[in-house]
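The values are calculated or read from the model by the stated rules, or taken from the named source; none is laboratory data. As the structure is a prediction and not an experimental result, all values here were calculated from the model. Here the Cβ positions follow ideal geometry from the backbone for every residue, glycine too, while neighbour counts run over all protein chains shown. When the accessible area is computed, the model is the full protein with side chains, heavy atoms only, and any ligands, DNA or RNA have been set aside. Shrake-Rupley method; radii C 1.70, N 1.55, O 1.52, S 1.80 Å.
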Amino acid sequence: MKLLGKIILKLGGFRLQSDFSQEMKNAVIIEAPHTSMWDFVWGRAGLWALGVKSHFLIKKEMFFFPLGGILKCLGAVPVNRGHDGKGFFDDIIHELKTNKDFSLVLTPEGTRKKTNNWKKGFYYIAQASEKPIFLAWIDYEKKTCGMDKSSKIIPTGDYAKDFKQIEEFYKTVRAKYPLQFNLSKENL
């Protein structure tokens with residue numbers, strides 16, 4: 001998969017910028033900006049190129065034949081959005097704590113449209129599982145994507161303080177559709 005990831009990035013004209021850390025194999029990874037379906041392609045290819053076996057959450061309604069099988073092969077975990085989610089998130093936290101080769105990728109914007117409020121689930125999952133958060137990026141202006149040791153955040157329990165680090169990190173990253181990416185103070 002590493003080779004396939006590198007080939008996909010090269011075909012798309014993207015360069016991978018990363019200094020790999022073993023911790024990336026067992027972490028919460030947030031990927032931003034998320035303004036296009038292409039973000040998934042470049043993000044997935046980048047993680048493959050790094051050798052990170054990552055998983056992502058997707059609504060269970062997408063798991064129909066044959067798409068469901070494809071999604072599972074790509075690392076998708078079905079989510080039943082009709083339930084409160086407590087048991088589901090307990091399962092995800094348990095998987096992060098016990099499986100040393102399980103990373104969870106989340107897009108905290110929760111949508112490709114502009115939003116004023118990032119979802120905070122990534123933060124609480126990382127905190128509860130005692131795992132670092134790595135900030136992955138896709139920059140369409142520079143045609144780069146990556147994740148490195150400098151993008152690692154250890155949740156302190158003070159979301160507002162930690163979000164300032166996240167905001168600072170993503171300030172210069174250019175989305176495919178820049179007007180749809182928002183790092184507003186309303187996220188606090």
*Answer yes or no as to whether Phe64 is of a type in the set (Phe, Trp, Tyr) and in a helix (DSSP H, G or I).*
no
*asked:* Yes or no: region 110-124 includes at least one residue that is at pLDDT 90 or above, touching a Lys or Arg at 6+ places or on another chain (Cβ under 9 Å) and either open to solvent by less than 20 Å² (accessible area, probe 1.4 Å) or among the small types (Gly, Ala, Ser) (or both).
replied: no
*Among residues belonging to region 10-39 that are of a type in the set (A, V, I, L, M) and under 17 Å from the mean Cα position of the chain (by Cα), point out the one that is most open to solvent (accessible area, probe 1.4 Å).*
Met37
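Residue-by-condition table, conditions (1) closer than 26 Å to Lys176 by Cβ; (2) touching a strand residue (DSSP E or B) at 6+ places or on another chain (Cβ under 6 Å); (3) not small (Gly, Ala, Ser):
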site	(1), (2), (3)
Asp39	yes, yes, yes
Gly43	yes, yes, no
His55	yes, yes, yes
Pro78	no, no, yes
*Identify all residues within region 1-22 that are of a type in the set (D, E, K, R) and either in a strand (DSSP E or B) or over 15 Å from Gly146 (Cβ atoms) (or both); write none if there are none.*
Arg15
_Members of region 82-94 that are open to solvent by less than 80 Å² (accessible area, probe 1.4 Å), modelled with pLDDT of 80 or more and under 12 Å from Leu57 (Cβ atoms)_ = Phe89, Ile92
_Suppose the filter is over 18 Å from Phe102 (Cα atoms), surrounded by 19 or more Cβ atoms within 10 Å (Cβ to Cβ) and of a type in the set (Ser, Thr, Tyr); does Tyr177 pass it?_
no
*Being aromatic (Phe, Trp, Tyr), under 19 Å from Gly46 (Cβ atoms) and open to solvent by less than 20 Å² (accessible area, probe 1.4 Å) is the filter here, so list the residues in region 142-174 that pass it.*
Tyr170
*asked:* When you check Lys131 against the structure, is it under 16 Å from the mean Cα position of the chain (by Cα), open to solvent by 10 Å² or more (accessible area, probe 1.4 Å) and closer than 22 Å to Ser18 by Cα, yes or no?
replied: yes
_Whichever residue in region 23-58 is assigned to a strand (DSSP E or B) and among the β-branched types (Val, Ile, Thr) and, among such residues, is modelled with the lowest pLDDT_ = Ile58
*Tell me which of these Ala160 doesn't satisfy, since it passes every other one: (1) of a type in the set (A, V, I, L, M); (2) modelled with pLDDT of 90 or more; (3) within 17 Å of the chain's Cα centre (by Cα).*
(3)
